[in-house]
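The values are calculated or read from the model by the stated rules, or taken from the named source; none is laboratory data. Everything quoted here is computed from the prediction, not taken from an experiment. Positions of Cβ are generated from backbone atoms using ideal geometry, with glycine treated the same way; all protein chains shown enter the neighbour counts. For the accessible areas, the whole protein counts, side chains as well, though only heavy atoms, and no ligand, DNA or RNA atoms are used. Shrake-Rupley method; radii C 1.70, N 1.55, O 1.52, S 1.80 Å.
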Amino acid sequence: MKIAVIGTGYVGLVVGACFAETGNDVVCVDKDAAKVRMLKRGKIPIYEPGLEEIVRSNHAKHRLHFTTTLADAVRKSEVIFIAVGTPTAEDGSADLQHVLAAAREVARSMNGYKVIVDKSTVPVGTAALVTATMAKETTHAFSVVSNPEFLKQGAAVDDFLKPDRVVIGSDDKRAADIMIDLYRPFTRTGAPIMVMDTASAEMCKYAANAMLATRISFMNEIANVCELYGADVDKVRQAIATDKRIGPAFLFPGIGYGGSCFPKDVKAIVKFSADKKYSFRILEAVEAVNARQKQRLLTKLDKHFGKSLKGKTIAVWGLSFKPRTDDMREAPAVPLINGLLERGAKVRAFDPEARDMAKMFFGKKIHYAANAYDALTGADALLIVTEWNEFREPDFFRMKRAMKTPVVFDGRNIYDPEQIRGFGFTYSSIGRP
Ligand code: NAD
């Protein structure tokens, strides 16, 4: 099939590369000319495991192309995915300006029947809005389909190639059948392709992300109460995970969720519920709990060092919002490091992949260490912010030698408290004695 993907970000590039991988002819469009130039040279603008390989190989086989010219891409394609950003607007809603701008341009470039796919996460009712927006600009026939994306950054290629399910929202059988054909190669292991109306499909994505964000905030509150009573959240987590109704996934406490999806999608569902005069109380609390949890390590530091960190050096391990990505959008590291700087601390940070992204947030205000141990040089304390695998089994002797004082605040519970204390560290984590 001939496909166009508009927006070559974390989602669009994966979608384009994976459809090319199954033999389709894909053209990826982005308005960012620098990004397109880079992609044409076989360079990937983001860090996503496994992505570079399939982009390169499909580009070399002439199944994956890159352009800034949307009109050409649309004219050549039967199916057009819109995968542009939908950031939070000032009122908390998902800002649809990029989606609607892309839709208008697609409509103006049409030369026959096309399936337009909303791949971006968009509020309920957006397929109808895109349809109305496009209808003003073209007389050609088209169908707008909602096809929310459930991939996880850090495992995006795998998630796309082997999805748990594919959701297709369509009020038109012809378009739904084209989408089923397109996704068939990814669902050979039995993952269902679920066809439904567009409104329900749009709601699926928000329901999934809101549920996951709720689980995180819930476990963070359980952890905080465990701390108050000397209970161990690890033991509590393992015990409740055996309950089949609960299950083991997504029960790890920490210092709050981040990324480009959970914070924005929780805000958006609260807002589009409020637009219908419904106050989504649980999700309002989920957000408030998350904001408080992002301050958790600062509160612990204040208790340990007092309110000022003047003259202190704080090492930070991990900057991205989670491991295996360089994305720092809404990352807990951002308010945390700003808090350290406000308290007068010198910050030495290390992240295996997010160094360049971090420079956009902090410029010259912090030191970017060459490796994890370099970050520890002369440090009064170490904060574990992102649970990259390479932090899990460090050389504790080397750490202790590098640091001024062996103090660790672990926001991701990656160490065994007894073990690290055995090496002579003062150690504090989330929800464990
Ligand atoms: P992103 O910011 O990484 O990428 C968006 C891209 O779209 C950018 O490269 C931008 O230059 C381009 N763009 C914007 N307007 C354009 C236009 N008119 N024409 C051409 N290109 C244009 O965003 P992302 O993280 O890939 O997210 C995209 C959408 O997918 C969002 O709605 C997001 O909520 C959703 N989503 C994201 C994830 C994720 O893990 N990141 C997962 C599922 C769904």
> Is at least one residue of the range 85-97 without any contact (Cβ under 8 Å) to a residue 24 or more places away in the chain and touching a Lys or Arg at 6+ places or on another chain (Cβ under 9 Å)?
Replying inline: yes
> Does any residue of the range 129-145 turn out to be more than 10 Å from the ligand (Cβ to nearest atom), within 20 Å of residue 192 (Cα to Cα) and open to solvent by less than 40 Å² (accessible area, probe 1.4 Å)?
Replying inline: yes
> Hey, residue 14 hits all of (1) away from the ligand (no atom under 11 Å from the Cβ); (2) closer than 23 Å to residue 117 by Cα but one; which does it fall short on?
Replying inline: (1)
>> Just checking, does the range 83-90 include any residue being within 14 Å of the ligand (Cβ to nearest atom) and over 16 Å from residue 119 (Cα atoms)?
In response: yes
>> Looking at the range 247-256, can you tell me whether even one residue there is more than 16 Å from residue 322 (Cα to Cα) and either within 19 Å of the chain's Cα centre (by Cα) or more than 16 Å from the ligand (Cβ to nearest atom) (or both)?
In response: yes
>> within 13 Å of the ligand (Cβ to nearest atom), in contact with a Leu (Cβ under 7 Å, 6 or more places away or on another chain) and either within 26 Å of residue 264 (Cβ to Cβ) or free of Cβ contacts under 8 Å to residues at least 60 places away in the same chain (or both): which single residue out of 48, 105 fits that description?
In response: 105
>> Name the residue that is most open to solvent (accessible area, probe 1.4 Å), counting only residues in the range 207-229 that are under 28 Å from residue 337 (Cα atoms) and either within 16 Å of the ligand (Cβ to nearest atom) or not in a helix (DSSP H, G or I) (or both).
In response: 212
>> Looking at the structure I just gave you, is residue 170 over 25 Å from the mean Cα position of the chain (by Cα) and either surrounded by 17 or more Cβ atoms within 10 Å (Cβ to Cβ) or among the small types (Gly, Ala, Ser) (or both)?
In response: yes
> Which of the residues that make up the range 63-80 are within 19 Å of residue 145 (Cβ to Cβ) and either without any contact (Cβ under 8 Å) to a residue 40 or more places away in the chain or within 13 Å of the ligand (Cβ to nearest atom) (or both)?
Replying inline: 70, 73, 74, 80
> For the range 403-413, which residues satisfy the criterion of being buried (at least 20 other Cβ atoms within 10 Å of the Cβ) and either among the hydroxyl-bearing types (Ser, Thr, Tyr) or under 17 Å from residue 233 (Cβ atoms) (or both)?
Replying inline: 409, 410, 411, 412, 413
> Somewhere in the range 267-282, is a residue farther than 28 Å from residue 166 by Cβ and open to solvent by less than 10 Å² (accessible area, probe 1.4 Å)?
Replying inline: no
>> Which count do you get for residues in the range 32-45 that are near the ligand (Cβ under 7 Å from one of its atoms) and either of a type in the set (Ser, Thr, Tyr) or surrounded by 17 or more Cβ atoms within 10 Å (Cβ to Cβ) (or both)?
In response: 1
> What are the pairs, 6+ residues apart or on separate chains, where a residue within the range 17-30 that is assigned by TED's automatic domain parsing to the domain that holds residue 184 has its Cβ under 8 Å from a residue that is open to solvent by less than 20 Å² (accessible area, probe 1.4 Å) and polar (S, T, N, Q)?
Replying inline: 17/58; 20/58; 21/58; 26/58; 27/77; 28/8; 29/8; 30/8
>> Among the residues in the range 61-68, are any open to solvent by less than 50 Å² (accessible area, probe 1.4 Å) and out of contact with any Cys (no Cβ under 8 Å at 6 or more places or on another chain)?
In response: no
